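For reference, the structure is listed below as structure tokens.
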Amino acid sequence: MTSVSTSMPEVPSLSPMTRLRDYFLLRPGAARLVICIALVALWEISGHTIMDPDFLSPPSAIIQAIPRVLGNPGVLGALWDTFYELVLAFAISVVLGVLIAIPIGMHKFTLRSALPLVLLLYSIPQVTILPLFVLYFGVGAGSKIAFGVTHGIFPIILNVIAGLQTLEAAHLTAAHSMGANRRQIFRRVVLPHLTPSLFAGLRLAMSGTLLGVLLAELYVSAGGIGYYTKLFSESFDPSATFTLVGALALMAVFLNEVVRRAEKRASFWRTQQQ
């Protein structure tokens, strides 16, 4: 009799590179951390070898400059002023953007007549009309907030209008047939449908608002982070400049996290459906 082999087939062993790839595919946070560490290490090496430290400060020099920069009372006051102006300009952009976009996007007549005007205003290089904002609002916080609003309002308007254009007429008809009034339709049908496009616009508007506030501070202000950034750069102090850039990045990350949490709370119905 011939003997039947009962041994299991051998499983080919994975190469180290394959196992490493599979590890990072399952852990995107670890991959992001490794990329950040690699970029910082490359930046540090380049700052001491290839690049001139007077123009590109390595991370070690920036860390050493943090106590000197943040220990300046004027810089701390500028951080608070910029954050206050950014939050206020962003809030105004959200309110005005939604109030303008909904009437335009809900009706075909207003869409055809008003949307080209919105696109025309959005296409104007706004830095060229910054002197008008200084003329109307002065050199204080008013001009910076207004200039930030003009940068943040258009992404919200365009994204909300785009979201309204994808609203299915069958959903509105079904809500009407069930006896829903306009307020109930807007709350139960329109708003949930607008959630993804609205929060996409909020993320873009947050970055645009920060850009507008900083531009106004760079050119017309005697305070704020933009003013100190210009001051440090003109004084050939790149480590202090990058410290302020890092502070601005933390502001943006904080506001982006606030928007992300608000989006998660507003989209609770998605997780219930899944």
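The values are calculated or read from the model by the stated rules, or taken from the named source; none is laboratory data. These numbers were taken from a predicted model, which means no experiment stands behind them. Don't worry about glycine lacking a Cβ; one is built from the backbone with ideal geometry, like all the others, and counts go over all protein chains shown.
For the stretch 134-145, a residue qualifies if it is touching a residue at least 24 places away in the same chain (Cβ under 8 Å) and closer than 17 Å to Phe90 by Cβ, and the qualifying residues are Ala141, Ser143, Lys144, Ile145. May I ask you to list the residues in the stretch 147-180 that are of a type in the set (Gly, Ala, Ser), assigned to a helix (DSSP H, G or I) and out of contact with any helix residue (DSSP H, G or I) (no Cβ under 8 Å at 6 or more places or on another chain)? Across the stretch 147-180, the qualifying residues are Ala169, Ala170, Ala174, Ser177.
Residues that are among the aromatic types (Phe, Trp, Tyr) and in contact with a helix residue (DSSP H, G or I) (Cβ under 6 Å, 6 or more places away or on another chain): find the helices (runs of 4 or more DSSP H) completely inside the stretch 181-249 holding 3 or more of those.
Values: elements: 182-185, 191-220, 224-234.
So the answer is 224-234.
Condition check ((1) at negative phi; (2) surrounded by 10 or more Cβ atoms within 10 Å (Cβ to Cβ); (3) at pLDDT 85 or above; (4) among the small types (Gly, Ala, Ser)) across all residues:
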{"position": "Ala30", "(1), (2), (3), (4)": "yes, yes, no, yes"}
{"position": "Leu42", "(1), (2), (3), (4)": "yes, yes, yes, no"}
{"position": "Asp52", "(1), (2), (3), (4)": "yes, no, no, no"}
{"position": "Ser57", "(1), (2), (3), (4)": "yes, yes, no, yes"}
{"position": "Thr82", "(1), (2), (3), (4)": "yes, yes, yes, no"}
{"position": "Ala89", "(1), (2), (3), (4)": "yes, yes, yes, yes"}
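If you check Thr2, Thr18 for being polar (S, T, N, Q), out of contact with any Ser or Thr (no Cβ under 8 Å at 6 or more places or on another chain) and either at pLDDT 75 or above or within 28 Å of Ser60 (Cβ to Cβ) (or both), only one passes: Thr18.
Within the stretch 93-114, take every residue that is hydrophobic (A, V, I, L, M, F, W, C) and more than 24 Å from the chain's Cα centre (by Cα) and give me the one that is surrounded by the fewest Cβ atoms within 10 Å (Cβ to Cβ).
Phe109
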